[in-house]
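So the structure is just underneath, and the comments pick up after that.
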Amino acid sequence: MSKGLPKRSEDYSLWYNELVKKAGLAENSAVRGCMVIKPYGYAIWEKMQRQLDDMFKATGHENAYFPLFVPKSLFEAEEQNAEGFAKECAVVTHYRLQNDPDKPGKLRVDPNAKLEEELIVRPTSEAVIWNTYKGWIQSYRDLPILVNQWANVVRWEMRTRLFLRTAEFLWQEGHTAHATAEEAIAEAEQMLEVYATFAEQYIALPVVRGVKTPSERFAGALDTYCIEGLMQDGKALQAGTSHFLGQNFAKAFDVKFATKDGGLEHVWGTSWGVSTRLMGALVMAHSDDEGLVLPPKLAPIQVVIVPIYKGEEQLAQITEKVNQLKRELLAKGISVKYDDRDTERPGFKFAEWELKGVPVRLAIGARDLENGTAEVARRDTKEKSSQQFDSLASYIPALLDEIQENIYNKALAYREEHTTKVDTYEEFKEVLETKGGFVLAHWDGTAETEERIKEETKATIRCIALNTPEEDGVDILTGKPSKRRVYFAKAY
């Protein structure tokens, strides 16, 4: 099997796009800027979704569903939010088509079917949800509301990249309402930690937990919390955000509640979300020039078994042994694929499953049958070993745990190696151009300095890390006083 993948070192962007397509994760669609998520890619997303959903429910949240369309008047009620998303909105203006009298067999928009009010295809759902919450909330007894929805959203994009930036993408969005600011802030911080835990324990991606600068905040939020990961090309990727909305949306939609002492106050809100962008993070953080490297916890197939045989009798003997092992592994919650296709040679199968990132591959041939062994190959290190067949049911679960931990540790070592403290603007620019990664530098706290650095270097402030100790210093660009370093990086 010829994979034909470009090398990461030669063209990282092309390597990523080709890997996503050749590994069967996704492909471009007939709709410009939109993608088709293929079954193997969707199986990974389903595992992400299932785990996150369990984590949301464990923290008291319930799933609901809200309309895809948002009336323009609702959308523009919270001005900052509307302004922030206006340039990315798809808008429905008519409700009907008709036969085109000038072009037989073709259709046109019916000019008499113009909507009285335009509908926005949701870029995010705060507007329609807070308008709904107005009917749900009258008293402190109705709070908190802890709701999440799994949905698709549309944000019109001119330059797209599979999973990382598409016009339509899948995500979840949590929207909660609280009686106090303290409760809402605690919720936003809690959900950030849920995301960070998921990223580190499942995607095997170490992340920096932080808050965005005012210019990078979600439109309509008082604070945006984020997790930032580092990809193998030295660029950062925002992997999840959680927003403290204050009372902005409650005031915009007049959502008030009767307090315990008889007063009337606006509620406090949050929203938080992760998207199929996590799929891009998964690919870019771990994969190599041979294909995907999937953490076992998110791999659709954790173990693939390839028989090497001559004749049907030998295959039947191998199959009998494999079926017993499959039953034992499946009973332990491990997904197994027995690749006994007779249309492909073993070498082709090895290459295919390597490309798809299956964590563990077993090969069993005639000699293995005689010796009671199997060849075990691990995807992360490419190491091979011969193991006693009868011990595989206990050996493989431990091996999968080891692979999961190793993938994380490798990504962590890369991040640590590519996190650099600098004290001058010259050093800052040099690190960005030659080494990449996170650059820890002092910033004077002004939007003007932030924007100038972005214009001159293409680097943005990814976050102000949570629990960062104060440290007296001076801004690398202006020389003005600074109390702490922030995380800069070029980013996706």
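The values are calculated or read from the model by the stated rules, or taken from the named source; none is laboratory data. Remember, it's a predicted structure, so these values are computed and weren't measured experimentally. Here the Cβ positions follow ideal geometry from the backbone for every residue, glycine too, while neighbour counts run over all protein chains shown. Surface accessibility is based on the protein's heavy atoms, side chains included, excluding ligands, DNA and RNA. Shrake-Rupley method; radii C 1.70, N 1.55, O 1.52, S 1.80 Å.
Exactly one residue out of Gly263, Gly210 is of a type outside the set (Asp, Glu), modelled with pLDDT of 95 or more and touching a Phe, Trp or Tyr at 6+ places or on another chain (Cβ under 7 Å): that is Gly210. For region 13-62, the set of residues classified as among the aliphatic types (A, V, I, L, M), open to solvent by less than 70 Å² (accessible area, probe 1.4 Å) and outside any helix (DSSP H, G or I) consists of Ala23, Leu25, Ala26, Met35, Val36, Ile37, listed by residue number.
Taken over region 228-278, the criterion of being assigned to a strand (DSSP E or B), touching a helix residue (DSSP H, G or I) at 6+ places or on another chain (Cβ under 9 Å) and of a type in the set (Ser, Thr, Tyr) is satisfied by Thr241, Ser242, Thr270, Ser271.
Looking across region 279-289, the residues that are out of contact with any Lys or Arg (no Cβ under 7 Å at 6 or more places or on another chain) and not in a helix (DSSP H, G or I) come down to Ser287, Asp288. Among the candidates Ser287, Ser242, the residue that is touching a Cys at 6+ places or on another chain (Cβ under 8 Å) and open to solvent by less than 30 Å² (accessible area, probe 1.4 Å) is uniquely Ser242.
Looking across region 303-327 at every residue that is of a type in the set (Lys, Arg) and either free of Cβ contacts under 8 Å to residues at least 60 places away in the same chain or open to solvent by less than 10 Å² (accessible area, probe 1.4 Å) (or both), the one that is farthest from Leu205 (Cα to Cα) is identified as Lys310.
Filter region 351-362 for residues that are of a type in the set (A, V, I, L, M, F, W, C) and either crowded, with 19+ Cβ neighbours inside 10 Å or not in a helix (DSSP H, G or I) (or both) and give the result. Once the filter is applied, which keeps residues that are of a type in the set (A, V, I, L, M, F, W, C) and either crowded, with 19+ Cβ neighbours inside 10 Å or not in a helix (DSSP H, G or I) (or both), region 351-362 yields Trp353, Leu355, Val358, Val360, Leu362. Candidates in region 166-210 are the residues that are small (Gly, Ala, Ser) and open to solvent by 10 Å² or more (accessible area, probe 1.4 Å); of these, the one that is farthest from Glu265 (Cα to Cα) is Ala186. Against the numbered list (1) in a loop (DSSP other than H, G, I, E, B); (2) open to solvent by 40 Å² or more (accessible area, probe 1.4 Å); (3) among the hydrophobic types (A, V, I, L, M, F, W, C), Phe163 comes up short only at (2). Of all the criteria given as (1) open to solvent by 10 Å² or more (accessible area, probe 1.4 Å); (2) in a helix (DSSP H, G or I); (3) under 19 Å from Gln404 (Cα atoms), the one not satisfied by Pro300 is (2). All of (1) open to solvent by 40 Å² or more (accessible area, probe 1.4 Å); (2) not in a loop (DSSP other than H, G, I, E, B) hold for Trp156 with one exception: (2).
Select from region 139-148 the residues that are among the small types (Gly, Ala, Ser) and assigned to a helix (DSSP H, G or I) and list them in ascending order. If the condition is that a residue be among the small types (Gly, Ala, Ser) and assigned to a helix (DSSP H, G or I), then no residue fits. Of the strands (runs of 3 or more DSSP E) lying entirely inside region 65-138, the ones with 3 or more residues being in contact (Cβ under 8 Å) with a residue 24 or more places away in the chain and over 19 Å from Phe169 (Cβ atoms) are found at 114-121. Residues considered: Lys454, Lys458, Lys480, Lys490. Of these, the only one that is modelled with pLDDT of 95 or more, basic (Lys, Arg) and at positive phi is Lys458. For region 416-457, the set of residues classified as open to solvent by less than 50 Å² (accessible area, probe 1.4 Å), in contact (Cβ under 8 Å) with a residue 60 or more places away in the chain and part of a helix (DSSP H, G or I) consists of Phe428, Glu450, listed by residue number. Close contacts from region 209-227, counting a first residue that is more than 17 Å from Glu451 (Cα to Cα) and charged (D, E, K, R) and a second that is open to solvent by 10 Å² or more (accessible area, probe 1.4 Å) and not in a strand (DSSP E or B), with Cβ to Cβ under 8 Å and a gap of 6+ residues or different chains, come to Arg209/Glu193; Arg209/Leu466; Asp223/Ile185; Asp223/Arg217.
Within region 325-343, if we keep just the residues that are under 17 Å from Glu375 (Cα atoms) and assigned to a helix (DSSP H, G or I), the residue that is farthest from the chain's Cα centre (by Cα) turns out to be Leu325. State yes or no: is Glu370 open to solvent by 50 Å² or more (accessible area, probe 1.4 Å) and either part of a loop (DSSP other than H, G, I, E, B) or closer than 12 Å to Ile308 by Cα (or both)? Taking the combined requirement at face value, the residue does not satisfy it.
Within region 458-475, being outside any loop (DSSP other than H, G, I, E, B), of a type outside the set (A, V, I, L, M) and under 30 Å from Ala186 (Cβ atoms) holds for Thr460, Arg462, Cys463. Within region 329-350, the residues that satisfy the criterion of being surrounded by 15 or more Cβ atoms within 10 Å (Cβ to Cβ), touching a helix residue (DSSP H, G or I) at 6+ places or on another chain (Cβ under 8 Å) and touching a residue at least 40 places away in the same chain (Cβ under 8 Å) are Leu329, Ile334. Filtering region 396-415 to residues that are crowded, with 17+ Cβ neighbours inside 10 Å, in contact with a strand residue (DSSP E or B) (Cβ under 9 Å, 6 or more places away or on another chain) and either part of a strand (DSSP E or B) or not hydrophobic (A, V, I, L, M, F, W, C) (or both) leaves Tyr414, Arg415.
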